Each structure stands twice: as structure tokens, then as C-alpha cells.
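> Dropping the structure in here first, questions after.
The values are calculated or read from the model by the stated rules, or taken from the named source; none is laboratory data. In this text the structure is predicted, and so the values were computed from the model without any measurement. Cβ atoms come from the backbone with ideal geometry, glycine included; neighbour counts cover every protein chain shown. Note: areas computed on protein heavy atoms with side chains; ligands, DNA, RNA excluded. Shrake-Rupley method; radii C 1.70, N 1.55, O 1.52, S 1.80 Å.
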Amino acid sequence: MSRALPKYSKRRVGLVGGAAALALSGAVIAGSALAGEPSGDGDGTEARTLSDPGTVSCPDVASRLPAIPASAQAEVDRNLTLLATQIDEANKRLVDTVGQGGPDFVRNAVLGPLEDKRVATVNRIATAIGRTAERPAGLDSLTACTLTK
């Protein structure tokens, strides 16, 4: 009978320790969620107000394209329309997520994914042109977008 008591005690300590660890991890998660609140420490990353979420500004791809072969025109037009749609969606996401996250939220949640989509779309445009003419070079520099106030 004396052997059962230490096992019970170890289980109880383990159970209490596990519960404490769970409560502590919950506090850490809540603290890190609140840590994303703006601090206003003067580094230029203050939170935007609801009236000024900013807009996404991207370089114009259409004006930098060479002569487009007739066989590629429809595909190029479709992808140029897609580029405009991607910017509209990013602007909508800016408005929908005002006040969320920290100073890097816009870069990580809006501008980064937008750039990835633009890279793929611009590559499709270059491939469409490159099927019947010389593939345009230097279009990759037109994929990065910025946030304007």
C-alpha cells in the first residue's frame, strides 16, 4: 500500500504541473496577441485610422510591354485585367484589416502575397509574348508594390 501513494503523488504533481503549463501558455498566447498593438514609439509605423487605411500602388505593366503579337493579345489582356483585380483585392483587404497586427502586418499579409501573385501573372504575360516573339526582359522589376497614404 505504501507503494501506491508515491505514484498517486507523482500523477497529481504531473496533472497540476500540466494544468499550470496550459494556463501559462494561454497567458503567453494572449500576451503575444496584445503585443501586436501599436506602440507609437516614433518609428513611423503608427496605426492607421479607419478613415485612412492607405492604398496599394503598383508599377504599370501595360506601358512597359513591347509590341504584343496578335496571337498573344487575348492572354495578355486577360492577365493585365488580373493584375488590376489583384490590386483591387489588396486595397479591399487593407480596408477590411485596418488595425490588425503590428507594423509588419501590411507587408506580410497584403503586399507580400500581392507581389507573389504579380510575379506569377507577369511571368504568364512574358511567356505568352515569348511564344511568338522575343520574351520581354526586366518585367520582374514591376512586381513589387508599395503602400501610399
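The rows are residues; the columns are (1) in contact with a Cys (Cβ under 9 Å, 6 or more places away or on another chain); (2) modelled with pLDDT of 65 or more; (3) open to solvent by 50 Å² or more (accessible area, probe 1.4 Å).
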position	(1), (2), (3)
1	no, no, yes
15	no, no, yes
23	no, no, yes
32	no, no, yes
43	no, no, yes
71	no, yes, yes
76	no, yes, no
85	no, yes, yes
100	no, yes, yes
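> Looking at (1) closer than 17 Å to residue 63 by Cβ; (2) open to solvent by less than 50 Å² (accessible area, probe 1.4 Å); (3) polar (S, T, N, Q), which is the only condition residue 81 fails?
For residue 81, the exception is condition (2).
> Against the conditions (1) loosely packed, with under 14 Cβ neighbours inside 10 Å; (2) part of a loop (DSSP other than H, G, I, E, B), where does residue 116 fall short? Just the number, please.
Here residue 116 clears every test but (2).
> Right, next: When you check residue 89 against the structure, is it among the charged types (D, E, K, R), closer than 13 Å to residue 146 by Cα and under 16 Å from the mean Cα position of the chain (by Cα), yes or no? Outline the logic, then answer.
Values: among the charged types (D, E, K, R): yes; closer than 13 Å to residue 146 by Cα: no; under 16 Å from the mean Cα position of the chain (by Cα): yes.
The answer is no for residue 89.
> Residues that are in contact with a Ser or Thr (Cβ under 7 Å, 6 or more places away or on another chain), surrounded by 14 or more Cβ atoms within 10 Å (Cβ to Cβ) and not aromatic (Phe, Trp, Tyr): does the stretch 123-142 have at least one?
Taking the stretch 123-142 first, the residues in contact with a Ser or Thr (Cβ under 7 Å, 6 or more places away or on another chain) are 132.
Filter once more, so that each one left must be surrounded by 14 or more Cβ atoms within 10 Å (Cβ to Cβ): none.
For the stretch 123-142, residues in contact with a Ser or Thr (Cβ under 7 Å, 6 or more places away or on another chain), surrounded by 14 or more Cβ atoms within 10 Å (Cβ to Cβ) and not aromatic (Phe, Trp, Tyr): absent.
> Hey, another quick one. Hey, any hits in the stretch 116-123 for a residue that's modelled with pLDDT under 95 and under 20 Å from residue 57 (Cα atoms)?
No; the residues of the stretch 116-123 include none that is modelled with pLDDT under 95 and under 20 Å from residue 57 (Cα atoms).
> For the stretch 82-98, give me each residue that is of a type outside the set (D, E, K, R) and over 20 Å from residue 138 (Cα atoms).
Matches in the stretch 82-98: 85, 86, 87, 90, 91, 94, 95, 97, 98.
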